[in-house]
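I have placed the structure first, in the form of structure tokens, so that the comments after it can refer back to it.
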Amino acid sequence: MENLIDRIIIEAGAEELSLTKRIVGRLADLPVEILKDPESLLRELRREEDPLGAGKKILLLSFFPGEFVKKCPGTQGFICCNYTVLNAATGCPLDCTYCILQLYLQNNPILRVFVNTGEIFARLESLFAVHPGGTFRIGTGELTDSLALDPVTRFSRDLVPFFAKQKNALLELKTKTDRVENLLDLPHQGRTVVGWSVNPERVIAAEERGAASLADRLRAAKRCRGVGYKIAFHFDPMILGEGWEGEYAGVVEAIFEAVPPEGIAWISLGGLRFPPALKEIMRERFPASSIVAGEFVPCPDGKMRYLRSIRVPAYRKMVEWIRSFGPEVPVYLCMESREVWERVFRKVPSGIENLAGIF
Ligand code: SF4
């Protein structure tokens with residue numbers, strides 16, 4: 001993957017930071033320039049035929065301008081799983097057809113890694129100190145894939161030992177890659193969960209460009225389990241085309257073949273959802289994607305989803321298949337309404353705190 005990046009740009013003042021030096025050293029063949037005029041860089045990108053694709057080839061090493069850590073925004077009226085997001089990078093070198101970043105980062109699609117990591121750790125420490133009795137579940141995979149750039153940044157080698165020392169926080173690294181090499185010899189103390197988004201091989205081949213195959217993801221999961229990490233799986237987004245049952249039942253079986261139930265921290269389920277504006281971008285960039293032709297309905301949070309009469313039976317079947325292999329494994333729905341939770345599980349967590357309790 002690293003050789004798909006063809007240019008490094010450094011924000012002035014960040015040249016001497018240790019993460020900058022590490023990344024530049026690992027991509028020693030690439031041209032490096034200092035960022036002079038951000039606007040002209042973006043203008044240059046906009047002239048490309050596919051600015052979003054072109055942005056994935058430029059790696060900008062910069063300072064983070066705002067708050068690194070924020071509560072996962074969830075979605076209005078839908079149950080939230082109480083996640084805190086750590087934004088240490090934005091943009092992703094992979095190129096999934098349904099990726100929401102195509103919309104969020106439309107005006108600035110360059111890969112960015114924030115290299116002022118000292119501030120990231122200081123901010124996390126002060127956050128954890130405020131609620132010593134709480135449990136923070138922190139993810140780095142909201143605006144990027146947690147491990148896609150890890151062979152270059154090796155940031156996991158800072159993050160995992162940092163979390164190993166925490167008493168009230170858990171890190172989840174969520175990925176569609178098999179880039180776990182940096183994790184295998186780290187002292188994690190059970191404070192890092194390595195999570196994989198999974199889909200049937202056919203869906204991966206059609207919709208998840210640049211991502212590892214399911215078989216490779218599961219091999220990587222097995223390696224991480226072998227050195228004691230807890231593993232998470234996210235059936236998210238589920239793409240419910242014709243014949244989905246056989247394919248997804250096969251994936252459920254495959255994940256339990258790779259990792260025994262006691263090694264699984266949690267499994268989430270989430271049907272494909274997207275803001276309406278994303279469809280136009282998908283149509284333009286991936287006209288052959290089956291998602292473009294799919295039928296979706298607007299939901300109260302403004303996102304398009306499969307009809308509830310399709311989602312609910314699909315989730316129920318998934319829960320049944322998962323329970324047949326791992327009756328005790330925590331399963332939750334991602335960004336679904338109270339009604340859907342009730343219909344799938346016949347009960348609903350009484351509040352966010354209780355849902356957090358399943359972790
Ligand atoms: S792996 Fe995630 S962040 Fe990367 S392109 Fe796919 S959906 Fe987007």
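The values are calculated or read from the model by the stated rules, or taken from the named source; none is laboratory data. Keep in mind the model is a prediction, meaning the values are calculated, not measured. Here Cβ is always computed from backbone atoms with ideal geometry, including for glycine, and neighbour counts include all displayed protein chains. For the accessible areas, the whole protein counts, side chains as well, though only heavy atoms, and no ligand, DNA or RNA atoms are used. Shrake-Rupley method; radii C 1.70, N 1.55, O 1.52, S 1.80 Å.
Tabulated data
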| read-out | value |
| --- | --- |
| Cβ pairs under 7 Å, 6+ apart, first in the stretch 293-312 and over 11 Å from Pro275 (Cα atoms), second surrounded by fewer than 16 Cβ atoms within 10 Å (Cβ to Cβ) | Pro300/Gly77; Leu307/Val297 |
| Residue count, the stretch 199-240 (criterion: within 14 Å of Leu183 (Cα to Cα) and either small (Gly, Ala, Ser) or within 17 Å of the chain's Cα centre (by Cα) (or both)) | 6 |
| Complete set of residues in the stretch 229-240 that are away from the ligand (no atom under 16 Å from the Cβ) and either closer than 17 Å to Gly271 by Cα or surrounded by fewer than 23 Cβ atoms within 10 Å (Cβ to Cβ) (or both) | Lys230, Leu240 |
| Scope the stretch 286-305; condition assigned to a helix (DSSP H, G or I) and among the aliphatic types (A, V, I, L, M); matching residues | Ile291, Val292, Ala293 |
| Subset of the stretch 89-108 [surrounded by 20 or more Cβ atoms within 10 Å (Cβ to Cβ), more than 9 Å from the ligand (Cβ to nearest atom) and either over 27 Å from Ala293 (Cβ atoms) or over 17 Å from the mean Cα position of the chain (by Cα) (or both)] | Ala89, Thr90 |
| Residue under evaluation Pro51, criteria (1) touching a residue at least 40 places away in the same chain (Cβ under 8 Å); (2) over 18 Å from Val152 (Cα atoms); (3) more than 24 Å from the chain's Cα centre (by Cα), criterion not met | (3) |
| Breaking point among (1) within 16 Å of the ligand (Cβ to nearest atom); (2) farther than 21 Å from Ala215 by Cβ, for Asp150 | (2) |
| Qualifying positions in the stretch 86-112 - without any contact (Cβ under 8 Å) to a residue 40 or more places away in the chain and part of a helix (DSSP H, G or I) | Tyr104 |
| Among the candidates Gly195, Gly226, residue that is surrounded by 21 or more Cβ atoms within 10 Å (Cβ to Cβ) and farther than 21 Å from Phe121 by Cβ | Gly195 |
| Filter result (away from the ligand (no atom under 14 Å from the Cβ), out of contact with any Phe, Trp or Tyr (no Cβ under 8 Å at 6 or more places or on another chain) and not small (Gly, Ala, Ser)) within the stretch 114-144 | Glu125, Val130, His131, Pro132 |
| Identity of the residue in the stretch 194-203, hydrophobic (A, V, I, L, M, F, W, C) and in contact with a Phe, Trp or Tyr (Cβ under 7 Å, 6 or more places away or on another chain), that ends up farthest from the ligand (Cβ to nearest atom) | Val194 |
| Ile255, sole failed condition from (1) away from the ligand (no atom under 16 Å from the Cβ); (2) assigned to a loop (DSSP other than H, G, I, E, B) | (2) |
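Quick grid of which residues meet (1) outside any helix (DSSP H, G or I); (2) away from the ligand (no atom under 16 Å from the Cβ); (3) open to solvent by less than 10 Å² (accessible area, probe 1.4 Å):
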site: Leu173; (1), (2), (3): yes, no, yes
site: Gln189; (1), (2), (3): yes, yes, no
site: Ala211; (1), (2), (3): yes, no, no
site: Ala215; (1), (2), (3): no, yes, no
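Quick grid of which residues meet (1) of a type in the set (Ser, Thr, Tyr); (2) crowded, with 20+ Cβ neighbours inside 10 Å; (3) free of Cβ contacts under 8 Å to residues at least 24 places away in the same chain; (4) under 21 Å from Ile58 (Cβ atoms):
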{"residue": "Phe114", "(1), (2), (3), (4)": "no, yes, no, yes"}
{"residue": "Glu119", "(1), (2), (3), (4)": "no, no, no, no"}
{"residue": "Ala122", "(1), (2), (3), (4)": "no, no, yes, no"}
{"residue": "Pro132", "(1), (2), (3), (4)": "no, no, no, no"}
{"residue": "Ile138", "(1), (2), (3), (4)": "no, yes, no, no"}
{"residue": "Thr144", "(1), (2), (3), (4)": "yes, yes, no, yes"}
{"residue": "Ala148", "(1), (2), (3), (4)": "no, yes, no, yes"}
{"residue": "Val152", "(1), (2), (3), (4)": "no, yes, no, yes"}
